[in-house]
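Below is one structure, written out as structure tokens; comments come after it.
The values are calculated or read from the model by the stated rules, or taken from the named source; none is laboratory data. As the structure is a computational prediction, the values presented were derived from the model and not from experiment. Every residue, glycine among them, receives a Cβ derived from its backbone with ideal geometry; neighbour counts consider all protein chains shown. Heavy atoms of the whole protein, side chains included, go into the accessibility calculation; ligands, DNA and RNA do not. Shrake-Rupley method; radii C 1.70, N 1.55, O 1.52, S 1.80 Å.
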Amino acid sequence: MCSLCSRLRRGVLYRVAGELGATRIALGHHREDILGTFFLNMFFGGQMKAMPPKLQSDDGRHIVIRPLAYVREEDLARYAQHMRFPIIPCNLCGSQDNLQRQQVKRQLLEWNANIRAGCAIFSIR
């Protein structure tokens, strides 16, 4: 239930931002998060939509920004390792095995590997 968990977290973020008087909320979604959400919505929700890098909340009181939206996950991981940032393990709903989000992530990794290997999986003959 990634969508439910996401909505609950977002509600808490909006509430706390309101309590602090903040109007901007920065989230750490990277390129693969956004692509994964796009394909989840397309394959399992029947909609072509993703998380935009900048989004105004429905009530207009907050703006959500995703400054890492165009950064590759592997680049972020390498940078975090270089900077020796502590990695906090995540065992929430989206990280469990065999969920739709993990299936989509594996598919994206496979497509990327095929493209890097020079396979013409998208060519029309």
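Can you tell me which residue within region 66-75, out of those that are surrounded by 15 or more Cβ atoms within 10 Å (Cβ to Cβ) and at pLDDT 95 or above, is nearest to GLY21 (Cα to Cα)? Walk me through it before giving the result.
Of region 66-75, the ones surrounded by 15 or more Cβ atoms within 10 Å (Cβ to Cβ) are 66, 68-69, 71, 73.
Now drop any that are not at pLDDT 95 or above, which leaves 66, 68-69, 71.
On the way: ARG66: 19, LEU68: 24, ALA69: 25, VAL71: 29 Å.
Step by step, filter region 66-75, then rank; the result is ARG66.
Could you look through region 110-125, keep only residues that are at negative phi and of a type outside the set (A, V, I, L, M, F, W, C), and pick out the one that is modelled with the lowest pLDDT? Full working, then the answer.
Filtering region 110-125 down to residues at negative phi leaves 110-117, 119-125.
With of a type outside the set (A, V, I, L, M, F, W, C) added as a condition, the list becomes 110, 112, 114, 116, 123, 125.
Details: GLU110: 89, ASN112: 82, ASN114: 83, ARG116: 78, SER123: 51, ARG125: 44.
My answer is ARG125.
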#### Entry: From the options ASP33, ASP58, residue that is charged (D, E, K, R), open to solvent by 50 Å² or more (accessible area, probe 1.4 Å) and either closer than 30 Å to GLN107 by Cα or not in a helix (DSSP H, G or I) (or both)
ASP58
### Query
Does GLN107 satisfy being out of contact with any Leu (no Cβ under 9 Å at 6 or more places or on another chain), closer than 26 Å to LEU8 by Cβ and either modelled with pLDDT of 60 or more or open to solvent by 100 Å² or more (accessible area, probe 1.4 Å) (or both)?
no
### Message
Please go through (1) open to solvent by less than 70 Å² (accessible area, probe 1.4 Å); (2) in contact with a Lys or Arg (Cβ under 9 Å, 6 or more places away or on another chain); (3) at pLDDT 90 or above for SER95 and return the number of the only condition it doesn't satisfy.
### Response
(3)
